[in-house]
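Here the structure comes first, spelled out in structure tokens, and everything after it is commentary.
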Amino acid sequence: MVNGDTPPLPDCLEDYLYRGWSIFPVGYRNKRPLVPWKQYQTAAPSRDRVINWHWGSSACGWAVALGPVSNLFAVDI
């Protein structure tokens, strides 16, 4: 952190948060959740939590919890 300011997040994470999506970190290659994730099926994490995940881990990917919490649904064909 610079002068106690919150470090910036990448634009993609800012966009996910702006959209209200419930996101959580997953392994970069294996896509396994890096945190207990079931709670994010009903409530999105705080911006501070996402910041801590982002700056507190090495390379990771990001998953979006589908369903009402993110107002997103997928069809796998």
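The values are calculated or read from the model by the stated rules, or taken from the named source; none is laboratory data. What you see is a predicted model, and the numbers here were worked out from it, not measured in a lab. No Cβ is skipped: glycine too gets one built from the backbone with ideal geometry, and neighbour counts run over all protein chains shown. With ligands, DNA and RNA removed, areas are computed over all heavy atoms of the protein, side chains included. Shrake-Rupley method; radii C 1.70, N 1.55, O 1.52, S 1.80 Å.
Coordinate range of the alpha-carbon atoms in the chain per principal axis, descending: 48, 26, 21 Å. Shown are C60, C12, whose ranking by accessible area with a 1.4 Å probe and every protein chain present, most to least, is C12, C60. The listed residues F24, F73 rank as F73, F24 when sorted by accessible area, largest first, using a 1.4 Å probe. Average accessible surface for the chain: 74 Å² per residue, computed with a 1.4 Å probe over protein heavy atoms with every protein chain in place.
Taking amide hydrogens as placed 1.01 Å from N in the peptide plane, the amide H of L72 sits under 5 Å from those of G67, each at least 5 positions away in sequence or on another chain. Cα axis of helix 47-56 to longest principal axis of the chain: angle in degrees, 0 to 90, nearest 10? That works out to roughly 70 degrees.
Rounded, prolate or oblate, given the Cα gyration tensor of the stretch 6-51, with a/c below 1.5 counting as rounded? Oblate, because a/c is 1.5 or more while a/b does not exceed b/c.
How high is the relative contact order of the chain, in percent, counting Cα pairs under 8 Å that sit 6 or more residues apart? So the answer I get is 35 percent. Amide H contacts under 5 Å for V26: L34, G61, W62, A63, restricted to partners 5 or more places along the chain or on a different chain, H placed in the peptide plane at 1.01 Å from N.
Checking every one of the trypsin sites (Lys or Arg not before Pro) in the stretch 25-67 against DSSP loop status and a limit of 15 other Cβ atoms within 10 Å picks out R29, K31.
The accessible-area ordering, largest first, of the residues Y18, Y40, Y28 stands as Y18, Y28, Y40, per a 1.4 angstrom probe.
Note on the chain: with neighbouring protein chains present and a 1.4 Å probe, carbon and sulfur make up 53 percent of its accessible heavy-atom surface.
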